[in-house]
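K.L.:
One structure follows; several queries about it will come next.
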Amino acid sequence: MNFELTEEQQSVKKMVRRFVDKEIIPNIQEWDRNGHFEPAILKKLAELQLMGVCIPEEYGGVGMDYNTLAIVCEELERGDTAYRTAVSVHTGLNSMTILQWGTEEQKQKYLVPQALGHKIAAFGLTEPNAGSDVAAMNTTATRDGDYYVLNGSKTWISLCDVADNFLIFAKTDHDLGHKGITAFIVERSFDGVQTKAIKGKLGIRAGNTGEVFLMDVKVPVANRLGEEGEGFKIAMSALDNGRFTVAAGAVGLISASLEASLKYCHERKTFGKEIGKHQLVQQMIANMSANLEISRLLVFKAGWLKNQGKRNTKETSLAKWISCNAAFDAANDAVQIHGAYGYSDEYPVERFLRNSKAPVIYEGTREIHTIMQGEYALGYREDKLLRKQLPAWPFEQASITN
Ligand SMILES: Cc1cc2nc3c(=O)[nH]c(=O)nc-3n(C[C@H](O)[C@H](O)[C@H](O)COP(=O)(O)OP(=O)(O)OC[C@H]3O[C@@H](n4cnc5c(N)ncnc54)[C@H](O)[C@@H]3O)c2cc1C
């Protein structure tokens, strides 16, 4: 067991931190206030080769390990949740899913430009009437010769207005429930695709989230990811990677909440001493510190399992559940420590609190992860080997090509 970051990981961490300090933190308050998503940030992340950090070099990435992706996400969310969310959907939910399930042609056509950051990718699972209950989805895909015709709508889709490619889940057989779901790679340029941003969000206001409408969209059969009826398994395996990035981001939010709180504890005085000297304030700091450590260890354990090529649904769910709850608590306590000043956007902590709520809802709500962990402990749930695996790291030719 080795708890130290490698030299490469340390240098990526430093690079992302410098990037966030220079490009995101000075602008984020204004972007958040104006609900502005800045696409130039994704371009710059691509220049730094961070849009495909854990994608093999053969497919346009830099071929680093899965925990390096966690490090990128942690550091990005120290700046703001919006850009970490972008990497979560682009790399975690979309590109890594094509890496795991895609044909060689799909990898060449879609994964390579995505890993290079030349094309941006999103993930369309949720619908107006189907969130936690994925099988309740109503979007349909009807086979017509060499095409499928997709009809329906997706909602709460991150990067909806920005993405070039979407991974869309639709029912090819309505009577089969979750076994009737199939996954498709859909390009924005296909006729009948429209998107619309959701306004008035509680947090992640600097992020782009919204609806995707599919109206008689003709999708070539070659764009079906996996087999017909395999979509539910593909979606769940995508979430193993998305949740991992969300958990890593939550570590960054705890870190940012702690950083802001420590600074304020030394600046602010009450009753003749720094507020950090009051034991009840120390308790909040101690909780943040402990949760930072616990959450980071859970994330790295899940990443280690990914590197080994082992299934990690249970461990990833645990990391996501614990770290997102802890991030919400840390942001809440950070506002408390800042007193009334924490209640205004003069300090970043009110944004942390607003941002910390969505990750407790998306990629499996707090309740869904609680149930999953209960079921694992009771022996009601177990993970079986999937037809296609995410390649182990270091990447070997045989495991990354089909
Ligand atoms: C900012 C943001 C970005 C998002 N980005 C994406 C994206 O890129 N792609 C995408 O596909 N989706 C995305 N989502 C959607 C997200 O994944 C869903 O909101 C989430 O899965 C929950 O679904 P729901 O909102 O329909 O809630 P519901 O499933 O309707 O749940 C409502 C409440 O009931 C509880 N509940 C539901 N079922 C149970 C149960 N069995 N037992 C106990 N409690 C239960 C839930 O925990 C929750 O508290 C995003 C959401 C947000 C907020």
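K.L.:
Does at least one position in region 122-137 carry a residue that is within 26 Å of E58 (Cα to Cα) and either touching a Phe, Trp or Tyr at 6+ places or on another chain (Cβ under 7 Å) or in contact (Cβ under 8 Å) with a residue 40 or more places away in the chain (or both)? Full working, then the answer.
P.N.:
At the first step, the residues of region 122-137 found to be within 26 Å of E58 (Cα to Cα) are 122-123.
Those left that are additionally either touching a Phe, Trp or Tyr at 6+ places or on another chain (Cβ under 7 Å) or in contact (Cβ under 8 Å) with a residue 40 or more places away in the chain (or both): 122-123.
Yes: region 122-137 contains one or more residues that are within 26 Å of E58 (Cα to Cα) and either touching a Phe, Trp or Tyr at 6+ places or on another chain (Cβ under 7 Å) or in contact (Cβ under 8 Å) with a residue 40 or more places away in the chain (or both).
K.L.:
Take the residues in region 146-195 that are surrounded by 15 or more Cβ atoms within 10 Å (Cβ to Cβ) and among the hydroxyl-bearing types (S, T, Y), then tell me which one is farthest from the chain's Cα centre (by Cα).
P.N.:
Per the stated criteria, the residue is Y147.
K.L.:
Sticking with this structure for a sec: Cβ-Cβ below 8 Å, separation at least six or inter-chain, first residue in region 349-371 and farther than 19 Å from A86 by Cβ, second outside any helix (DSSP H, G or I) and more than 8 Å from the ligand (Cβ to nearest atom): which pairs?
P.N.:
Partner pairs satisfying both residue conditions: V349/H338; E350/S344.
K.L.:
Something else about it: Does any residue of region 323-338 turn out to be surrounded by 23 or more Cβ atoms within 10 Å (Cβ to Cβ) and at positive phi?
P.N.:
The answer is no, given that none of the residues of region 323-338 is surrounded by 23 or more Cβ atoms within 10 Å (Cβ to Cβ) and at positive phi.
K.L.:
Inspect all residues belonging to region 84-96 and state whether any of them is touching a residue at least 60 places away in the same chain (Cβ under 8 Å), surrounded by 19 or more Cβ atoms within 10 Å (Cβ to Cβ) and away from the ligand (no atom under 13 Å from the Cβ). It would help to see each step written out before you state the result.
P.N.:
To start, the set of residues in region 84-96 that are touching a residue at least 60 places away in the same chain (Cβ under 8 Å) comprises 84-94, 96.
This time we only want the ones that are surrounded by 19 or more Cβ atoms within 10 Å (Cβ to Cβ), so: 84-94, 96.
Still in the running and away from the ligand (no atom under 13 Å from the Cβ): 96.
Looking through region 84-96, at least one residue is touching a residue at least 60 places away in the same chain (Cβ under 8 Å), surrounded by 19 or more Cβ atoms within 10 Å (Cβ to Cβ) and away from the ligand (no atom under 13 Å from the Cβ).
K.L.:
Answer yes or no as to whether L253 is surrounded by fewer than 21 Cβ atoms within 10 Å (Cβ to Cβ) and either in a helix (DSSP H, G or I) or out of contact with any Ser or Thr (no Cβ under 8 Å at 6 or more places or on another chain) (or both).
P.N.:
Numbers: surrounded by fewer than 21 Cβ atoms within 10 Å (Cβ to Cβ): no; either in a helix (DSSP H, G or I) or out of contact with any Ser or Thr (no Cβ under 8 Å at 6 or more places or on another chain) (or both): yes.
Against the criterion (surrounded by fewer than 21 Cβ atoms within 10 Å (Cβ to Cβ) and either in a helix (DSSP H, G or I) or out of contact with any Ser or Thr (no Cβ under 8 Å at 6 or more places or on another chain) (or both)), L253 does not qualify.
K.L.:
Can you name the number of the only condition in (1) more than 9 Å from the ligand (Cβ to nearest atom); (2) closer than 21 Å to K233 by Cβ; (3) surrounded by 15 or more Cβ atoms within 10 Å (Cβ to Cβ) that Y380 fails?
P.N.:
Status for Y380: all satisfied but (3).
K.L.:
Filter region 196-232 for residues that are basic (K, R) and within 16 Å of the ligand (Cβ to nearest atom); which is nearest to the chain's Cα centre (by Cα)? Even if it seems obvious, please write down each step before you answer.
P.N.:
Step one: list which residues in region 196-232 are basic (K, R), which gives 196, 199, 201, 205, 218, 224.
If we keep only those that are within 16 Å of the ligand (Cβ to nearest atom) too, we end up with 196, 199, 201, 205.
Values: K196: 21, K199: 21, K201: 18, R205: 16 Å.
Ranking the candidates gives R205 first.
K.L.:
Let me ask something else about it. Check A130, A135, A141 and return the single one that is more than 17 Å from S88 (Cβ to Cβ) and either of a type in the set (D, E) or within 9 Å of the ligand (Cβ to nearest atom) (or both). Reasoning before the result, please.
P.N.:
Values: A135 fails: either of a type in the set (D, E) or within 9 Å of the ligand (Cβ to nearest atom) (or both); A141 fails: either of a type in the set (D, E) or within 9 Å of the ligand (Cβ to nearest atom) (or both).
One residue alone meets the criteria, A130.
Each row is one residue, and each column tells you yes or no for (1) in contact with a helix residue (DSSP H, G or I) (Cβ under 9 Å, 6 or more places away or on another chain); (2) part of a helix (DSSP H, G or I).
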{"site": "R33", "(1), (2)": "no, yes"}
{"site": "K43", "(1), (2)": "no, yes"}
{"site": "A46", "(1), (2)": "yes, yes"}
{"site": "V53", "(1), (2)": "yes, no"}
{"site": "G61", "(1), (2)": "yes, no"}
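K.L.:
Could you list all residues from region 105-127 that are more than 15 Å from the ligand (Cβ to nearest atom) and more than 20 Å from G226 (Cβ to Cβ)?
P.N.:
P113, L116, G117, H118, K119
K.L.:
Here is a follow-up. L76 - would you say it is over 30 Å from K171 (Cβ atoms), more than 15 Å from the ligand (Cβ to nearest atom) and part of a helix (DSSP H, G or I)? It would help to see each step written out before you state the result.
P.N.:
On the way: over 30 Å from K171 (Cβ atoms): yes; more than 15 Å from the ligand (Cβ to nearest atom): yes; part of a helix (DSSP H, G or I): yes.
Considered against the rule, which asks whether it is over 30 Å from K171 (Cβ atoms), more than 15 Å from the ligand (Cβ to nearest atom) and part of a helix (DSSP H, G or I), L76 comes out as yes.
No value in this document is a laboratory result; all are computed from the given coordinates. Because the structure is a prediction, the values reported are computed rather than measured. A quick note on method: Cβ atoms are made from the backbone with ideal geometry, for glycine too, and the neighbour counts reach across all protein chains shown.
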